[in-house]
2 protein chains.
Amino acid sequence: MPQAGLIERLAPSLSAGAVLIGAEIGPRYYTDVAGRVGASPQVVFRPRSTAEVSRILAHCHAEAVPVVVQGGMTGLVCGALPRSNEIVVSLERMNRIEAIDVKAATAIVEAGAVLEMVQEQVETLGLSFPLDLGARGSCTIGGNIATNAGGNRVIRYGMMRELVLGLEVVLADGTVIENLRKYFKNNTGFDLKQYFIGSEGTLGVITRAVLRLFPLPAERAVACCSLSCFSNVITLLDLMRRRLGGELTAFEVMWHSYFVRATALPHVKPPLPADRTFYVIVEASGVDATNIRDRFESLLAQAHEAALIDNAVIAKSTAEAASIWRIRDATVEVHAAIRPAISLDVSLAIDRMEEFAASAEEAARAVDPQSCIVVFGHLGDGNLHVSVHHADDRPELGEELERRIYDLVAAYGGSISAEHGIGISKRPYLRHSRTEAEIALMRAIKRAVDPQGILNPGRIFEIDQ
Amino acid sequence: MPQAGLIERLAPSLSAGAVLIGAEIGPRYYTDVAGRVGASPQVVFRPRSTAEVSRILAHCHAEAVPVVVQGGMTGLVCGALPRSNEIVVSLERMNRIEAIDVKAATAIVEAGAVLEMVQEQVETLGLSFPLDLGARGSCTIGGNIATNAGGNRVIRYGMMRELVLGLEVVLADGTVIENLRKYFKNNTGFDLKQYFIGSEGTLGVITRAVLRLFPLPAERAVACCSLSCFSNVITLLDLMRRRLGGELTAFEVMWHSYFVRATALPHVKPPLPADRTFYVIVEASGVDATNIRDRFESLLAQAHEAALIDNAVIAKSTAEAASIWRIRDATVEVHAAIRPAISLDVSLAIDRMEEFAASAEEAARAVDPQSCIVVFGHLGDGNLHVSVHHADDRPELGEELERRIYDLVAAYGGSISAEHGIGISKRPYLRHSRTEAEIALMRAIKRAVDPQGILNPGRIFEIDQ
């Protein structure tokens, strides 16, 4: 065990509580939100500063010790679960919101800061950090950046990549790359932060970030609608996009298969009967409250009159809006309720989604007649989530289902990962979405930036191939 | 001259008209929009296809022949001017708009397509490509991507980086990296297009791109306002941002020094007397024409009543709006009128801009008592353009002025290039905005992707240092 020496050499230079070994290492360091379990690590480092991260990595680099980086453990592709021989670097103690600049509308936060805490803190100052996803209560800003998180408001604000102005990253050899400037425009050579955003911790450890903030909307108008056919869903999206413009901040679609299961959960209240094929949550938000609400209501009335939507409930209070959003946020519970199941996250042309969902159901049935399929997603972004329940938990069955549906995604010209990343789970299917030349280029970059291959090894791709 | 052999070996495999030599090479291949002149190249390759680009680069790579890549020659940092021994690869014959997908709101275009042609063509289909800058009539999409162009609508739509969904790039060794997918979300490993966007042609030759399109606004409301003090400019920006939200599509500020010179040009009509210290062009656009116009007018009336603005002219027609925009688009002419002059493009905290402009003027006067300074910029993006006229055209004088003002930018924590890039001209000042660790990482990436260093050598940084 080379790590014993590493701990001895490192521990004296780290702050109190920075090293966990043996029984101090709870299951949270090798279990993820979906309940998957990795190898129990020999040591967990919990640095308190960028300098400590640098010291830890410099030693690991010198001794070729593989490292897995951890945030809130809410990833869905096993990227943060330790593999055997990997030590853990957890950013949990670097969770400060260091500064919020109201004038410049920026926040400097440490990587371990929890998303919801950032959202809440900036709101007290009349600002909004628009990234939002179901895991908001435990996912961290560092994890959001490393995985280029998406979520519910991408249609208006883009993914995490669009929300980061500056980044501080520690490279594998301990070099600190610091660019925490607050300005949006900076064409001074390669935009290095882009390299790290979405690279799943394979190129560096993100330690701090400058985030873009936005004015806090005075009003969030939220409605849940039921629709009878998919072409109406597309027409409704088009109408909302054209008439609300930059004030359309969410357009989430749920197939009946998802809606009926989510609204059956004890903590979720169905706002509408589960008697239609499609359900949409639409949100408009903006700075002029009356204007937004009036336009939103008249647009929905118009859509109802034109028979685009069959039923709609418009939230009359923040509590009612939250109750509607709870349906969409119940993804982990819905997935748990249909276990054993596989979960997919694909990008597709919007007008082929209905056909794709039907083909996926057919393909699943061909593999397992007892399978059933649950579909929902961020329609405006061209992103569907698909869960497939299967008869029993033989891994081969899940793998066969995955293979069949990913083949279908490739045939539809889609992406096998819209927002979840590749990690370990989706690695076998990387070639469905990327060419050999692209993967070779990724490898060349990885070798240049992390020559020992110590950072999150085996995530996205194997280095030696 | 090793290039003679190269031409002989390559020419038979290229299309007619792909090779220019000797007298066929006009000054346009070694002169830029600002009138600067580079070395006259031995050969200009004008490929017609990605395959031809690949063939040319593979040969150059094998024979270590340096290449400079050219688009519309509108760059302002000498990045596309040939240096001695460099051959030219011009994308001018790859200028097709290959496909516009109205439903998906995307366009696939070749790198040599001229920006204005793309704008006009998508508008005929009810869509908009929002990148816009003065050079629109000759700059190319490939150049816009390679330099991560900014322009007038960044405040709403972001820079070119935000407007590119997919990219096809040829690497130095001829490898084609093709990812022309149309979907916005694609977390399948490193987002390789980010490496090439803004890398000024040093990592690959962009050949095709998938662009994001937006609904064509039904209305563009444009006004020109005069203001007495800079704090009013900031308050006006804040008001517009808060009340117009995503419908504020431009907020351009001009110091009196710019306004008076631009409106003195023969083709520009002054909409307001040049009797105030600051001028702002503000644009709101959206899909609901009446709504936009009403809100825009009432906001400006409110700003006038509150004595934020002294005078305002709201364009009453498309022609009047174009006439107002002509003031802002006259940057090249204004710069030409004050020659000899240096030109800067910096990012700064908005609330320090006034102080910075005054300090820059003072610094310039200390070097050259006859100097005078012209200031304008994209205020909402924190981006100022500064031109400094100097007494005579001794290069030392220009260099000394640059050095003093870039020192000032660094002291203000700004960026020495907001949108123009580094190229050759700004290379001496790269360290004002980037650390040694960052530059070392850029070099490592360059070596990994272009090991012979043949692509746009010496742009941004020298390789061997």
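Rounding to the nearest 10 and keeping the result within 0 to 90°, find how far the Cα-based axis of helix A:289-305 lies from the longest principal axis of chain A.
Once rounded, one gets 50 degrees.
When the helix-only estimate is applied to chain B (DSSP H runs of n ≥ 4, each -39,500 (n - 2.57), divided by the residue count), what is the mean residue ellipticity at 222 nm, nearest 500 deg cm²/dmol?
Only helices count here, giving -9500 deg cm²/dmol.
What is chain B's relative contact order, in percent, from Cα pairs under 8 angstrom and six or more apart in sequence?
15 percent
Which semi-axis lengths, in whole Å and largest first, follow from the square roots of five times the eigenvalues of the Cα gyration tensor of segment A:398-465?
Rounded to whole Å, the semi-axes are 24, 13, 9.
Could you point to the residue in A:445, A:81, B:312 farthest towards the positive end of the protein assembly as shown's charge dipole, with +1 and -1 charges on the Cβ of Lys/Arg and Asp/Glu respectively?
In the protein assembly as shown, that residue is A:445.
Treating cross-link reach as a plain straight distance, find the aspartates and glutamates whose alpha-carbon is under 12 Å from the alpha-carbon of residue B:182, omitting any fewer than eight places away in the same chain.
Output for residue B:182: A:381, B:101.
Calculated FRET efficiency, residue A:84 and residue B:36, Cβ-Cβ r, R0 35 Å, to nearest 0.05?
0.05
Please work out the Cα center distance from segment A:406-435 to segment A:293-350, rounded to the nearest Å.
Their Cα centres are 26 Å away from one another.
Below 8 Å, C-alpha to C-alpha, sequence gap of six or more: please give me the relative contact order for segment B:154-242 in percent.
31 percent
Take residue B:8 and residue A:411, extend 7 Å from each Cα along the Cα→Cβ direction, and tell me the distance between the two endpoints in nm.
5.4 nm
Looking at the axis that maps chain A onto chain B, which chain A residue has the closest Cβ, and how far off is it in Å, rounded to a whole number?
Taking the axis that maps A onto B, the answer comes out as A:246, 1.
Suppose R0 equals 35 Å. What FRET efficiency, 1/(1 + (r/R0)^6) with r the Cβ-Cβ distance, do residue B:318 and residue B:265 give to the nearest 0.05?
The computed FRET efficiency comes out at 0.95.
Report, in whole Å, the centroid distance computed from the Cα atoms of segment B:62-109 and segment B:113-147.
Using only Cα atoms, the two centres lie 14 Å from each other.
Residue by residue through segment A:455-463, what is 3J(HN,Hα) from phi via Karplus (6.51 cos²θ - 1.76 cosθ + 1.60, θ = phi - 60°)? Round to whole Hz and write x for glycine and proline.
Karplus-based 3J(HN,Hα) across segment A:455-463 equals 8, 6, x, x, 6, 6, 8, 7, 6 Hz.
Using the C-alpha gyration tensor of segment B:80-161, what are the square roots of 5 times its eigenvalues, in whole angstrom, with the largest one first?
In descending order, the three semi-axes are 24, 16, 10 Å.
Putting +1 on Lys and Arg Cβ atoms and -1 on Asp and Glu Cβ atoms, find which of B:42, A:35, A:131 reaches farthest to the positive end of the dipole of the protein assembly as shown.
B:42
Between helix B:318-329 and chain B, what is the angle of the helix's C-alpha long axis to the longest principal axis, kept within 0 to 90° and rounded to the nearest 10?
70 degrees
Run through the other copies and list how far each one's label point is from that of residue B:428, in nm with one decimal, shortest first; the point sits 7 Å from Cα along Cα-Cβ.
Label-point distances to the other copies, shortest first: 6.0 nm.
Can you tell me the Rg and Dmax of segment A:277-383, counting just the alpha carbons, in angstroms?
In order Rg, Dmax, the Cα atoms of segment A:277-383 give 17.2, 53 Å.
Return, ordered by residue number, the residues of segment B:64-89 whose backbone nitrogen is under 12 Å from a label point located 7 Å along Cα→Cβ of residue B:138.
Of the residues in segment B:64-89, B:71-76 have backbone N under 12 Å from the label point off residue B:138.
Would you pull out the residues with amide H under 5 Å of residue A:417's amide H, same chain only if 5 or more places away, H placed 1.01 Å from N?
Under 5 Å from the amide H of residue A:417 lie the amide H atoms of A:347, B:187, each far enough along the sequence or on another chain.
Using the Karplus equation 6.51 cos²θ - 1.76 cosθ + 1.60 (θ = phi - 60°), what ³J(HN,Hα) coupling, rounded to whole Hz, does each residue of segment B:306-317 give in order, writing x for Gly and Pro?
7, 6, 6, 10, 8, 9, 8, 10, 9, 5, 9, 8
For segment A:212-311, what's the relative contact order in percent, using C-alpha pairs closer than 8 Å and at least 6 residues apart?
48 percent
Going down the table (A:316/B:103; B:426/B:446; A:103/B:193; A:269/A:316), which pairs top 24 Å between alpha carbons?
Check vs 24 Å cut-off fails for A:316/B:103; A:103/B:193.
Among the trypsin sites (Lys or Arg not before Pro) in segment B:305-346, which ones are in a DSSP loop with at most 10 other Cβ atoms within 10 Å of the Cβ? Mind listing them?
B:316
What distance in nm separates the two pseudo spin-label positions at residue A:275 and residue B:306, each 7 Å out from Cα along the beta-carbon direction?
5.0 nm
How far is helix B:50-63 tilted, in degrees, relative to the longest principal axis of the Cα atoms in chain B, given as a value from 0 to 90 rounded to the nearest 10?
Once rounded, the angle reads 60 degrees.
Taking each label point as 7 Å beyond Cα in the direction of the beta carbon, state the distances from residue A:119 to the same residue in the other copies, shortest first, in nm.
Those label-point separations list as 3.8 nm.
How big is the charge dipole of the protein assembly as shown about its Cα centre, in debye rounded to the nearest 20, if each Lys and Arg gets +1 on its Cβ and each Asp and Glu gets -1 on its Cβ?
Charge dipole, the protein assembly as shown, about its Cα centre: 280 debye, nearest 20.
Mind listing the phi-derived Karplus ³J(HN,Hα) values for segment A:128-140, rounded to whole Hz, using 6.51, -1.76 and 1.60 with θ = phi - 60°, and x for any glycine or proline?
Taking θ as phi minus 60°, the curve returns 9, 9, x, 4, 8, 8, x, 7, 3, x, 9, 5, 10 Hz for segment A:128-140.
Could you list B:117, B:254 in order of exposure, starting from the residue whose Cβ has the fewest other Cβ atoms within 10 Å?
Taking fewest neighbouring Cβ atoms as first place, the list is B:117, B:254.
No value in this document is a laboratory result; all are computed from the given coordinates. Bear in mind the structure is a predicted one, so any value in this text is a computation, not a measurement. Cβ atoms come from the backbone with ideal geometry, glycine included; neighbour counts cover every protein chain shown.
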